[in-house]
Amino acid sequence: MANTASIEIEGKKYDFPLVKGTENEVAIDITKLRGSTGGVITIDPGYKNTGSCESAITFLDGEKGILRYRGYSIEELAEKADFLEVAYLLIFGDLPTKEQSEKFHNDIKAEAVVDEDVHKILDAFPKSAHPMGVLSSLTAALTAFNPSSVDVSSEEDMYKSVVRILGKFPVLVAWTMRKKSGLPLDYGNKNLGYVENILKMMFKVPNEEYTQNPILVNALDKLLILHADHEQNCSTSTVRITGSSHAGLFVSLAAGISALWGPLHGGANQAVLEMLEAIKTDGGDTKKYMAKAKDKNDPFRLMGFGHRVYKNFDPRAKIIKKAADEVLGDLGVEDPILGIAKGLEKEALEDQYFVDRKLYPNVDFYSGIIYRAMGIPTDMFTVMFALGRLPGWIAHWREMRLRKEPIGRPRQIYIGATERKFVPMEER
Ligand code: ACO
């Protein structure tokens, strides 16, 4: 393959180098485009064809349905690793040794206490507030309680901030849920595993012991691993671009949480459950909703189907589907919602509209079903996604800072009014 690509603009040819990744992905490096052509830029709304960076964290091939963190397949990680090992892998580049793993967990536990004043901020939110808004605000507020900025040239400083947020974030997640359900805040137990402690912090009721169910621990561990990174998606790009102004880690994460909230991104897991509930309430006629999804005059979309990158079965969806069956089987849940989900899935996979557009169930089609069976309220689903995505966001923020990436500042093609004279109020 040639090493350059040529673009001809008004009869003049310009050559640009090609950049090749380790998985043979190819990009045209247009960093010199504007300068060499006297102002020409590219336009690509939604960045469907634009690489914003080079990254060594996650590889995904949407056509083949491949997802790997630092070279390890998602299938293998979900089966053999736990969430904290995966977090370490994503953030620092390699699987931890036993000593590194123990130190990492101990350092996280040492940071798992939140300033009591954060509690007061939480109390000021109405119970009706959406947990994603609360979580984003509390994460940004952590900056006020940990004001020293991270010296990115110091490995120690960087490590400290990483363990600090990995320690405090689950507390914020659990508190957000407990506040909504009117339960007293709980700090869990330092002797528990990371995921077990999250479950305890979320579910322990004051007048009884919390008993761990290994199937739920395993399912949540898997869910968090599967959500841990997904290269340059909307929220991760938001974290990178926010951090590119040298804004701190916590506020960059808060920006990512806000981006994740939307129903076209992380909010889809909530939207899926709401859609399934609505179909159930409406009599359970999946065919009617399939027709709505295909009708271009109807804004309805089948939530949990389709993906910007996967044009094949989302590899995470396959793993999660199995976990969903295990959890529902273990808990003996007979959920009519599951029947509707299965019906929709079957119809969509056989429907020409969905086949032609390569629309397959994505990870969020099943995650909500598991969360619901675990007793997590629907509006907390996206918060659970944020909990899983945290290591990915941190890894990207760290990589972006260590690579000394420039501030993210896209250009535009202006299509507004050309210069005009100001009209005084009385003449308008
Ligand atoms: N239901 C019905 N039709 C759909 C759906 C859907 N869920 N998704 C895409 N389509 C159709 C579009 O109408 C379009 O049809 P057309 O070519 O006839 O105009 C075609 O498929 C391509 O769709 P786009 O919107 O161009 O695809 P894009 O890559 O921009 O969008 C997205 C991807 C946003 C995920 C979309 O598939 C969607 O809205 N899905 C539902 C929401 C969802 O599940 N989001 C979660 C994503 S995964 C995550 O964030 C973890």
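The values are calculated or read from the model by the stated rules, or taken from the named source; none is laboratory data. Note that the coordinates shown come from a computational prediction; the quantities given were computed from them, not determined experimentally. Heads up, the Cβs are rebuilt from the backbone with ideal geometry, glycines too, and the neighbour counts pull from every protein chain shown. These area figures cover heavy atoms from the full protein model, side chains too; ligands, DNA and RNA do not enter into them. Shrake-Rupley method; radii C 1.70, N 1.55, O 1.52, S 1.80 Å.
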Taking the range 217-254 and keeping residues hydroxyl-bearing (S, T, Y), open to solvent by less than 30 Å² (accessible area, probe 1.4 Å), away from the ligand (no atom under 13 Å from the Cβ) and over 16 Å from E54 (Cα atoms) leaves S252
Residues in the range 347-365 that are open to solvent by 10 Å² or more (accessible area, probe 1.4 Å), closer than 14 Å to K287 by Cβ and within 8 Å of the ligand (Cβ to nearest atom) total 1
Restricted to the range 119-129 and to residues being touching a helix residue (DSSP H, G or I) at 6+ places or on another chain (Cβ under 6 Å) and in a helix (DSSP H, G or I), the residue least open to solvent (accessible area, probe 1.4 Å) is L122
Restricting the range 274-300 to residues that are of a type in the set (D, E) and within 15 Å of I340 (Cβ to Cβ), the one most open to solvent (accessible area, probe 1.4 Å) turns out to be E274
If we ask which residues in the range 199-221 are under 24 Å from W175 (Cβ atoms), in a helix (DSSP H, G or I) and of a type outside the set (F, W, Y), their number turns out to be 9
With the first residue restricted to the range 402-428 and required to be more than 30 Å from V152 (Cα to Cα), and the second required to be open to solvent by 100 Å² or more (accessible area, probe 1.4 Å) and part of a loop (DSSP other than H, G, I, E, B), Cβ contacts under 6 Å at 6 or more apart or on different chains are I413/I43
Picked from the range 319-343 (must be within 26 Å of E76 (Cβ to Cβ), in contact (Cβ under 8 Å) with a residue 12 or more places away in the chain and open to solvent by 60 Å² or more (accessible area, probe 1.4 Å)), the residue farthest from the ligand (Cβ to nearest atom) is D330
When the range 169-186 is checked residue by residue, the ones that are of a type in the set (G, A, S), in a helix (DSSP H, G or I) and within 16 Å of P126 (Cβ to Cβ) are S181
Of all helices (runs of 4 or more DSSP H) fully inside the range 296-368, the set with 2 or more residues that are basic (K, R) is 315-331, 336-350
Within the range 284-317, the count of residues that are at pLDDT 90 or above, near the ligand (Cβ under 10 Å from one of its atoms) and acidic (D, E) comes to 2
Checked I376, I394 against criteria (away from the ligand (no atom under 16 Å from the Cβ), outside any helix (DSSP H, G or I) and surrounded by 15 or more Cβ atoms within 10 Å (Cβ to Cβ)); the one match is I376
Those residues of the range 135-164 which are surrounded by fewer than 22 Cβ atoms within 10 Å (Cβ to Cβ) and under 18 Å from the mean Cα position of the chain (by Cα) amount to S137, A140
Checked pairs for the range 307-318, first closer than 16 Å to L226 by Cα and open to solvent by 10 Å² or more (accessible area, probe 1.4 Å), second aliphatic (A, V, I, L, M) and within 9 Å of the ligand (Cβ to nearest atom), C-beta under 9 Å and 6 or more apart or across chains, list as H307/L359; H307/V363
Within the range 41-59, is even one residue farther than 26 Å from G93 by Cβ, of a type in the set (D, E), out of contact with any Gly (no Cβ under 6 Å at 6 or more places or on another chain) and in contact (Cβ under 8 Å) with a residue 24 or more places away in the chain? no
Considering residues that are part of a helix (DSSP H, G or I) and either crowded, with 23+ Cβ neighbours inside 10 Å or within 16 Å of the ligand (Cβ to nearest atom) (or both), the number found within the range 255-273 is 12
